[in-house]
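The values are calculated or read from the model by the stated rules, or taken from the named source; none is laboratory data. Note that the structure is a prediction, hence the values are computed from the model and not measured. Positions of Cβ are backbone-derived with ideal geometry, glycine not excepted, and every protein chain shown enters the neighbour counts. SASA here: full protein model, heavy atoms, side chains in, ligands and nucleic acids out. Shrake-Rupley method; radii C 1.70, N 1.55, O 1.52, S 1.80 Å.
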Amino acid sequence: MDTNIYEHIPKEKFAFKQLDANIHDQKLETKSRGYFADAMVRFKKNKSSVVAAWIILFLILFAIVSPLISVNPVRHMDSTYTQHPPFIRAIADKNLGIFDGATKHESQSEKQVAIWRAIGEETGLQPVLRIVDTTVQKEKYRGQWRDVVYHKIENNKYYERGVVYRVVSYDEYQRIQDFQNETGVQVIYPYVEPKDIMGIKDNPNIWYQVQDNKGTPLQDEDGNYIYLPAYSTDSSIEGPVPYNSIRIEGDPGNYIYSAAKSGAVHIRICYYNYYHYVNGHEPTYIFGTNSLGQCLFTGIGVGARFSLIFAVIVSAINLTIGAIYGAIQGYYGGLIDLILDRIAEVLGGVPFVVVTTLFQLHLAQKVGVLPSFLFAFVLTGWLGMAALTRKQFYRFKSLEFVLAARTLGASDWRLMFKHIFPNALGTIVTSCALVIPGVISSEVSLTYLGIINLQELFGTSIGTLASQGQTAMTAAPHAMLFPSIFISLLLISFNLFGNGLRDAFNPSTRGVED
Amino acid sequence: MLKYILQRVVLMLLTLFIIIGICFVLIRLLPPAQLDPTDIHKDVVEARREAMGYNKPIMVQFGIFLKDIFTKWDWGMSDKLYVGRDVFELFSSKMPATVIVNLYSIILSIPIGILLGIWAALKKNSWIDHTISTLTMLIISVPSFVYAFLIQYIFSYKLGWFPFVMDQGTDYFTWSMFKSMLPAIMSLSFGVIAGFTRTTRAELTEVLTSDFMLLARTKGLTRAQATVRHALKNCMVVILPSIFGQFIGIMSGSLIIEKIFSIPGVGQLYIKSINAPDYPLFIMNTAFYTAIGLAAGIVVDISYGFIDPRIRMGSKK
C-alpha cells in the first residue's frame, strides 16, 4: 500500500529543526500605521478629493486675502459706477481684451461713434475700445434710398461716462484744484456754454463745435469728423473763485473752468478722475461692481468669510449636541429613547424655512440677526447626527467589552464616551465631512431669498450678491456670474472632499455609494 | 399592516398638531401687523381680529383657531397682503401653478434620472459611468439658483427661445404658457434627475453584484433578462418610494425657483407672507408645508412595506 511509506519511518531520518531557537512572534518588518494614517494614505489615492482639498484651501485663502488687498471697502458704494464690468487700469492699457471694462453697444451710427470718440479726444480716456462688427443697411431717407453704416462697438464703461456736470461749493472747488496741482490729474475741464453748442444743455460731453443739436461734430471736406473746441472764454460768467491749476492741452490761457451759480460753481468734471479725487485711487474692480456699486471682489471675500466661519461654528455645535443626544438615546433606550425620539420627530417635522422665520421674528430684535440665525440652524441641525450616533450605540452597547467595563464598575457616562463612542467615531467622522457644505448651501439659499438680511451686519453675503445679480442679469451678467462661480466651486469641492474623506475613513463602503 | 399605518397616521397628526400649536403660539405672541390708519379695510380687519380673539389669552385664541378650522374650515383672513381675502381660498388659488410646474418637471425628470442611473450602473467604471457620476455630483452640489441663472441667461436672453418669466393668467394648458414654464421646469428637473440617477446607480451596482444575479445567469438568462427581471425589480424597492415622495412633494414647490421665474405659486406666496408680514397666511402656509413634509415621510415608509414583502412593517425586531 502506498500509504505505508509514511508509517514506520526510522528514527534517524528525523532531525531537530529548532532545538536551540527561541520561539517567539516575528517582529513586524513594516511600519505599523494607525487608523488616521491609513485613512490619509487612502485619501491621497483619491485624486479628485485631493484636488478638491487644494481648491478649498485656495478659496479659503481668497476669502481671507481679498478684502485685505482690495482697495474698495465692502461698504463703499459708488452711485455712478454700478453694474460695471471688471476693470484694472494697468491691464486695460495693454489692450489684451480682458479687465478693460468692455460693454457692447449694438447698431451705433457713424455719428454716434464720433460722439463717443469725442470723450476720448477731450479727456484722453478713449471709451471706444474696438469696433466688433460693421453692417450696412439700406434705409429710406426723405424719399431716397441710401446706405447707412451701423457699428457694433465695445466701449470701456468706465471711460464712457466721460465728463459730468457738478455743482460744488467754493471750498470743494479749491480742494479739487489742490488735488490737480498735487497729482497732475485733470479733473476739471473748461466750461462750455450751451449757446456755443446749439443750445445743448443736458449733455456735458459736448465740448466741440457741432453741426446739429444732437451733438454731431463738424466734418471736413472728406467727411471726416473734426473736433474744434467750443470752450467758453467769457470771463463774465466765471465763478468768483479763480482757477489756478493745471490747464488742458491747447488752452491759450483764457478758457474759463467754472460758471457762477448762486453761491457755488457749476463745473464740468471728468468722472473717472473725479473718482480718483474722491477715493484717492483710480477705479479698480477686479470682478466689477454690482447694482449697488459695490466691489464684487471684496463682496465675495466678505460673504465667503461669513459663510465659512458660520458653517464651521454651526457644524461644531450641531455635532456636539447630536452626539450627546444620540448617545443618551442609544445607550439608555426604552422609554427615554421613545420620548427623545418623539421630540426629535416634532423638531424634524418643522420646515427649516419656518424655523428660520420664527427665530427672525422673535429673536432678531432681542439678540440680533446673527445669533437668531445661528439658533435656527442649531435647533434642527443636530437631528441627523443624533440619529446616526443612536444607531451606532445600539450596535455597540450589547457587546462584551461594554459588559466587561460595566462589571469593573464604570459609570454610565464613562461607558458612553470612553468605551462606546470611540468605536462609533469612524462612522460619525465620515458623515461629518458632508455637514459643512449642507450648512453653507442652506445659508446661501436663505440669504438669496432675502429671509435673512446680513447686509447691515457684514455689508453683504454670497446669497445677497447672487440675488442682486439675478435682478440685473442681462445688463451685468458678471454680477451674477462671479458669486455663482465662487459658491458652486466651494460646494462642489466640499462635497468631493467630503466623499473622499468618507471613503478613506470607511473602507467597507468604498465604491458602493458615490 | 393596517394597524401600523393607522398608528403612523395618528402619530403624524399628533406631531402636526404640536407643530401647528407651537407655531401658532409663537406667531400670536408677536404684536399683530400694523394697519395703515387710512386704509379703508381697517375696521373690517379689526373686527375680524376681535372675533378671532386677538385680545383674549393665547390658549383661548388657539381654541378659537381650531374651532374655526374644524367647524367651518376657516383658516382666517389675510390682513396685510391681500386684505380681506380668505386665506385658504387664496392659498388654493395659488396651488395650480405650483402643481403644474412641478408635475411637468418630475414627469420629465424621473424617467431620465432612472435611465441614466441604469446606464451608469451597467457600464460601471467605464467613461460613461464616470461622466454621469461626475455630472450628478456637480449638479447635486451646485445651488439651484445658479443653474436657474444659467438657463435664464442662455435660453431666454442669449438665444431668446423662452420668455424670462412665466406668463401671467390661469390658462395653464396653452402652448405659450407651457413654453414660458419650460425654463422653470428645466431648472427644477436638474436636481431631481441628479437625485434619481445617484440613487438608481448606487442601488443597481449593489444588486448587480449579489449572488442571485449570478444564479440567474447560471440558469441561462441573458444579461438583459437577468437585469430587467431580477436586478431592476430589487432596485425598485428603494426607487419607487422616493417617486411617491416626489409626487407628494410637488405641492410644496421650490421657493427659489418660484421667485426667479415669478411663478404665481405657493412658494412665492410664502415668501411674500414672510416679508409682508401677513401672519394668518404664514400660519396656513406653515401648516401646509409641515403636513406635506410629514405625509411624504409616511408615504415613503409605508410604501416600502407594500412594495417589498420581505419588509414587515411594525414588527418587533
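A quick yes/no check of all residues on (1) modelled with pLDDT of 80 or more; (2) surrounded by fewer than 24 Cβ atoms within 10 Å (Cβ to Cβ); (3) in the same structural domain as B:Asp171 (by TED's automatic domain parsing):
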residue: B:Gly265; (1), (2), (3): yes, no, yes
residue: B:Tyr270; (1), (2), (3): yes, no, yes
residue: B:Gly297; (1), (2), (3): yes, yes, no
residue: B:Arg312; (1), (2), (3): no, yes, no
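When you look at B:Ile243, is it open to solvent by 10 Å² or more (accessible area, probe 1.4 Å) and not assigned by TED's automatic domain parsing to the domain that holds B:Ala194, yes or no? When the stated conditions are applied, B:Ile243 does not pass them.
Within segment A:186-203, does at least one residue satisfy the condition of being under 27 Å from A:Ser236 (Cα atoms) and hydroxyl-bearing (Ser, Thr, Tyr)? Within segment A:186-203 (the criterion being under 27 Å from A:Ser236 (Cα atoms) and hydroxyl-bearing (Ser, Thr, Tyr)), the answer is yes, since at least one residue qualifies. For segment B:1-19, filtering for residues that are open to solvent by less than 70 Å² (accessible area, probe 1.4 Å), more than 10 Å from chain A (Cβ to nearest Cβ) and under 17 Å from B:Gly293 (Cβ atoms) leaves 2.
If only residues of segment A:85-109 that are in contact with a Gly (Cβ under 9 Å, 6 or more places away or on another chain) and closer than 28 Å to A:Pro217 by Cα are counted, the one that is least open to solvent (accessible area, probe 1.4 Å) is A:Gly101. Just one residue in the set A:Lys201, A:Lys195, A:Lys214, A:Lys157 is touching a residue at least 60 places away in the same chain (Cβ under 8 Å) and open to solvent by 70 Å² or more (accessible area, probe 1.4 Å); that residue is A:Lys214. When B:Phe178, B:Phe164, B:Phe145, B:Phe155 are checked against the criterion of being within 13 Å of chain A (Cβ to nearest Cβ), under 30 Å from A:Ala476 (Cα atoms), out of contact with any Pro (no Cβ under 7 Å at 6 or more places or on another chain) and in a helix (DSSP H, G or I), B:Phe145 stands alone in meeting it. Among the residues of segment B:132-170, those identified as β-branched (Val, Ile, Thr) and farther than 12 Å from B:Thr197 by Cα are B:Val142, B:Val146, B:Ile151, B:Ile154, B:Val165, B:Thr170.
Residues in segment A:97-110: is at least one aliphatic (A, V, I, L, M), farther than 21 Å from A:Gly215 by Cα and outside the structural domain of A:Gly469 (by TED's automatic domain parsing)? Working first, answer last.
Our first condition is that a residue be aliphatic (A, V, I, L, M); within segment A:97-110, this holds for A:98, A:102.
Those left that are additionally farther than 21 Å from A:Gly215 by Cα: A:98, A:102.
Next cut, outside the structural domain of A:Gly469 (by TED's automatic domain parsing) only: A:98, A:102.
Yes, some residue in segment A:97-110 is aliphatic (A, V, I, L, M), farther than 21 Å from A:Gly215 by Cα and outside the structural domain of A:Gly469 (by TED's automatic domain parsing).
Residues of segment B:44-53 that are under 13 Å from B:Gly76 (Cβ atoms), surrounded by 14 or more Cβ atoms within 10 Å (Cβ to Cβ) and not β-branched (Val, Ile, Thr): B:Arg48, B:Arg49, B:Met52, B:Gly53. State all residues of segment A:375-398 that are of a type in the set (Ser, Thr, Tyr) and open to solvent by 20 Å² or more (accessible area, probe 1.4 Å); if no residue qualifies, say none. A:Thr380, A:Tyr394, A:Ser398, listed by residue number. The number of residues in segment A:321-348 being open to solvent by 10 Å² or more (accessible area, probe 1.4 Å) and either closer than 23 Å to A:Leu446 by Cβ or outside any helix (DSSP H, G or I) (or both) comes to 5.
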